[in-house]
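The values are calculated or read from the model by the stated rules, or taken from the named source; none is laboratory data. Not measured: the values here are computed from a predicted model. Note that we place each Cβ from the backbone using ideal geometry, even for glycine, and neighbour counts take in every protein chain shown. In case anyone asks, the SASA skips ligands and DNA or RNA and just uses the protein heavy atoms, side chains included. Shrake-Rupley method; radii C 1.70, N 1.55, O 1.52, S 1.80 Å.
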Amino acid sequence: AQKITQTQPGMFVQEKEAVTLDCTYDTSDQSYGLFWYKQPSSGEMIFLIYQGSYDEQNATEGRYSLNFQKARKSANLVISASQLGDSAMYFCAMRRYTGGFKTIFGAGTRLFVKA
Amino acid sequence: DVKVTQSSRYLVKRTGEKVFLECVQDMDHENMFWYRQDPGLGLRLIYFSYDVKMKEKGDIPEGYSVSREKKERFSLILESASTNQTSMYLCASSPTSTTSNQPQHFGDGTRLSIL
């Protein structure tokens with residue numbers, strides 16, 4: 001069975017510092033995709049970054065990077081130079097590519113950025 | 001622009017009622033999803049559909065059913081609403097494509113209260 005685990009319910013980071021949000025996953029599939037989404041207090045879900053299971057390089061999108069360690073089944077999100085606007089819930093998600101694009105989410109991490 | 005529309009932002013129903021939550025997408029996406037979001041539990045997949053009239057159970061299908069008669073519309077049905085189904089419900093869609101990194105697009109959510 002697939003499972004996503006985010007072990008940090010809440011985290012604090014100082015403005016302009018980097019922060020790592022943890023995500024581990026469990027799957028027996030060889031082909032899958034990993035996503036991170038941001039949910040600010042307004043409630044919208046904002047896509048941040050994607051990593052495919054066969055991608056050899058870690059994904060990067062601006063201040064976001066994904067530290068993908070396939071053998072350890074981890075896909076941690078790194079946010080560099082935190083900004084006050086980064087305060088939000090962050091969700092890790094995994095998509096399988098067999099039997100339909102089933103996508104499951106973790107419990108989320110609430111990030112607080114301090115001025 | 002991409003659009004996923006949920007029919008109601010807020011809904012109040014009584015226990016035992018049959019409740020319909022509607023979701024429409026205008027992107028011609030094959031895959032559609034229903035999640036419920038609860039504090040500390042993240043987004044949990046109720047049902048998803050990868051084609052018209054096709055549906056698959058997610059992780060928490062009990063007490064729910066779905067209908068997908070047209071590609072653009074995916075309905076969630078609470079057969080006999082109970083108080084433990086009070087939650088935020090999110091609909092999402094995504095394409096099936098050779099470039100599998102396409103993220104899900106989410107609706108604004110329906111906050112459902114069962115009294």
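Within region A:45-57, is there a residue that is at pLDDT 95 or above and of a type in the set (Gly, Ala, Ser)? No, that holds for no residue. Looking at this structure, is A:Thr20 of a type in the set (Val, Ile, Thr) and over 30 Å from B:Tyr89 (Cβ atoms)? Here the answer is yes, as A:Thr20 does meet what is asked. Taken together, A:Lys38, A:Lys3 contain a single residue that is within 21 Å of B:Gln37 (Cα to Cα) and open to solvent by less than 30 Å² (accessible area, probe 1.4 Å), which is A:Lys38. In the condition set (1) out of contact with any Lys or Arg (no Cβ under 7 Å at 6 or more places or on another chain); (2) surrounded by 18 or more Cβ atoms within 10 Å (Cβ to Cβ), B:Ser113 is compliant with all but (2). If you filter region A:49-66 down to residues that are touching a residue at least 12 places away in the same chain (Cβ under 8 Å) and outside any loop (DSSP other than H, G, I, E, B), you find that the one that is most open to solvent (accessible area, probe 1.4 Å) is A:Glu61.
Yes/no per residue for (1) in contact with a Lys or Arg (Cβ under 6 Å, 6 or more places away or on another chain); (2) open to solvent by 70 Å² or more (accessible area, probe 1.4 Å); (3) within 13 Å of chain B (Cβ to nearest Cβ); (4) part of a loop (DSSP other than H, G, I, E, B):
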site	(1), (2), (3), (4)
A:Met11	no, no, no, no
A:Phe47	no, yes, yes, no
A:Phe68	no, no, no, no
A:Ala71	no, yes, no, yes
A:Gly85	no, no, no, no
A:Val113	no, no, no, no
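A count restricted to region A:22-44 and to residues that are of a type in the set (Ser, Thr, Tyr), closer than 17 Å to A:Ser65 by Cα and more than 12 Å from chain B (Cβ to nearest Cβ) stands at 1.
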